[in-house]
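Here's the structure, in C-alpha cells; my notes come after.
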Amino acid sequence: MSQNNASIYGAPKVRGDYEPRFSSVIEAFAENFSAYGELGASLTVEVDGKTVLDLWGGQVTEGGADWACDTVHVVFSCTKAATALVLHLLARDGALDLDAPLSEVWPELTAAQQGATARMVLDHSIGLPAVRAEAPTDALTQPDWMVRALERQLPFWAPGTAVGYHALTYGFLAGEIVRRVTGRSLGQVFRERIALPLELDFHIGLPAAEEERVAPIDIWRPGPGAKPTNFMLAAKEPGSISNLFVFNSGDWAGRGVNTRAGRAAEIGAANGVGNARALARMFSALATGGQALGFSADDVAGFSLASSATHRDATLQLPTRFGPGFMLGMDNRHKARGGESLIFGRNAFGHVGAGGSVGFADPEARLGFGYTMNRQGAGLLLNPRGQRLIDATYRALGYRTSSPGFWAR
C-alpha cells in the first residue's frame, strides 16, 4: 500500500495507508471534513483479510489535538454486533441454544415465561425495547437495576410477534444470558474469545489504562428548525416505547458517555470503545468465512438472513430488517419510508452506531468495513458521511448500484 502523511484534498491532516485503486474513497473521506462537518474520524477497509485502506484524520476536539492512528471512542450501537458474536460463540460451543425456551437459562424473566428465546433478543422481537419502571439517572451503569427491571416487566407484545429496536435493553438482556451461561461478564468473554484472538482494539468496559487515547463524543442535538420525524413525534407521546427509550433511560447518552464511569461500564448495546480498524477487522474475520473465530461458512451465512422485519418498527417508527444480532440492508430512501437507510451488499450484515458510525461484513465481496467518528450526525440509521464512504468503497471494488439501491456487479 501507499502511505500518505500529509493533508489530502485540503482535509485537516488526513493520514494513512491505502492502495491506489481506493483514491476515490480517500477523496470522499476528506470531503466529509470540508463539506459535511466532520470533526475527527477513522476509516478502514479490508478485502480478502488484508487491509487495503486505513485512514484517520481531523481533531479529537474542536481546536484540540490531532486524531491519531490509535485514537478510540464510543461507537454506540456498533457494540451490538460484538455482543451478538459472543452469543453466537456460546451457541457454537453448545452452551446456548438460541431457539430453545429462554426460561431454561433465565427462568425469572417474565418474557421467558411467555415463550421468548435468545434469538428474539438478538433480532429485537422479544418485546422489551424499553423499561417501564422509573429509571434512575445512572440506570445504564447499574446493570443489576436494569436486569431486575427487565426481569419483572411484562413484554410490550407477545415475544416474537412484532419488532421494535431494543436500543439499550438489548445489551442488558444479552449480558445477563452470557453471565448465566458462563459465570462471567459480557465484556470479559468478548475480550477473551474475540478481541484477543483477532487482536482488536475494542472494549466493552474500557480499562482505565486506555483512557488517554479516547476522543470525547460531540453529542448531536436537534436545532430549532429540525423537521420532526415519526420517531420524534412518537417520542413526545408519554408512555410510548419511543418516549420511554429517550426519556426513561437515565442520562448516559447525554452526559455519561463522556465520563470514565460511562466508558468503564459494560453497556453491551451502546458503549463499546474502538475505532474503524477494530470494526473492519472484526467484520473481515466474518466476511472471509469466520474460521478465525471457529465459525463455519453456514454460520456466517445465517448472520445475513432476516429473522425479523417490519414496515413500522415499534421503536424507530420506520421499516427495519434484522438478522440474529445484526442490521441488514434497509433502503428507506422513499419519503414514505422515512428516508433513513443503510445501503450495502445484498448479503452484507453489520451495524450502525448513533450519530453515524458503521461496521459491516460482505461475504460476497469478502469485505470488512469500519467507519467511526466522534461528531454525531442526525438520524437513527446512517447519515450521508458514512453512506458515501460505503458507496465509494463498492465502486472502487468494481460494483455498481442496482435499481432497489443495493450494490451489485
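The values are calculated or read from the model by the stated rules, or taken from the named source; none is laboratory data. The structure displayed is predicted, hence computed values, not measured ones. So basically every Cβ, Gly included, is an ideal-geometry build from the backbone, and we count neighbours across all protein chains shown.
For the residues G302, G325, G262, the requirement of being closer than 24 Å to M120 by Cα, assigned to a helix (DSSP H, G or I) and of a type outside the set (D, E, K, R) singles out G302. Would you check if there is a residue in segment 340-349 being buried (at least 24 other Cβ atoms within 10 Å of the Cβ), closer than 20 Å to V75 by Cβ and among the hydroxyl-bearing types (S, T, Y)? No, that holds for no residue. The residue list V52, V86, V45, V121 contains one member that is buried (at least 24 other Cβ atoms within 10 Å of the Cβ) and part of a strand (DSSP E or B), which is V45.
For segment 308-320, the criterion of being within 30 Å of P143 (Cα to Cα), in a helix (DSSP H, G or I) and not acidic (D, E) is satisfied by no residue at all.
Going through segment 124-139 one residue at a time, which ones are aliphatic (A, V, I, L, M) and buried (at least 24 other Cβ atoms within 10 Å of the Cβ)? Passing the criteria: I126, L128, A130. Restricting the search to segment 114-152, which residues are farther than 15 Å from L168 by Cα, of a type in the set (S, T, N, Q) and out of contact with any helix residue (DSSP H, G or I) (no Cβ under 6 Å at 6 or more places or on another chain)? Listed by number, the list holds a single entry, Q114.
Kindly establish whether G205 is in contact with an Asp or Glu (Cβ under 8 Å, 6 or more places away or on another chain) and under 27 Å from S103 (Cα atoms). Criteria not met by G205. Scanning segment 126-157 for residues that are in a helix (DSSP H, G or I) and either more than 22 Å from Q188 (Cα to Cα) or charged (D, E, K, R) (or both) turns up D144, R148, A149, L150, E151, R152. Condition (residue is among the hydroxyl-bearing types (S, T, Y), farther than 30 Å from K50 by Cα and part of a helix (DSSP H, G or I)) applied to segment 235-251: is it met by at least one residue? Among the residues of segment 235-251, at least one is among the hydroxyl-bearing types (S, T, Y), farther than 30 Å from K50 by Cα and part of a helix (DSSP H, G or I), which makes the answer yes. Quick check: is even one residue across segment 158-177 among the hydroxyl-bearing types (S, T, Y), more than 16 Å from K80 (Cβ to Cβ) and not in a helix (DSSP H, G or I)? For segment 158-177, residues among the hydroxyl-bearing types (S, T, Y), more than 16 Å from K80 (Cβ to Cβ) and not in a helix (DSSP H, G or I): present. Taking first residues from segment 362-384 that are more than 29 Å from G64 (Cβ to Cβ) and basic (K, R) and partners that are surrounded by fewer than 22 Cβ atoms within 10 Å (Cβ to Cβ) and at pLDDT 95 or above, the Cβ contacts under 6 Å between residues at least 6 apart in sequence or on separate chains come to R366/D48; R366/T288.
Counting the residues of segment 208-232 that are more than 30 Å from D313 (Cα to Cα) and in contact (Cβ under 8 Å) with a residue 40 or more places away in the chain gives 7.
Given the condition more than 18 Å from F295 (Cβ to Cβ) and in a helix (DSSP H, G or I), answer yes or no: does some residue in segment 58-67 qualify? No, segment 58-67 contains no residue that is more than 18 Å from F295 (Cβ to Cβ) and in a helix (DSSP H, G or I).
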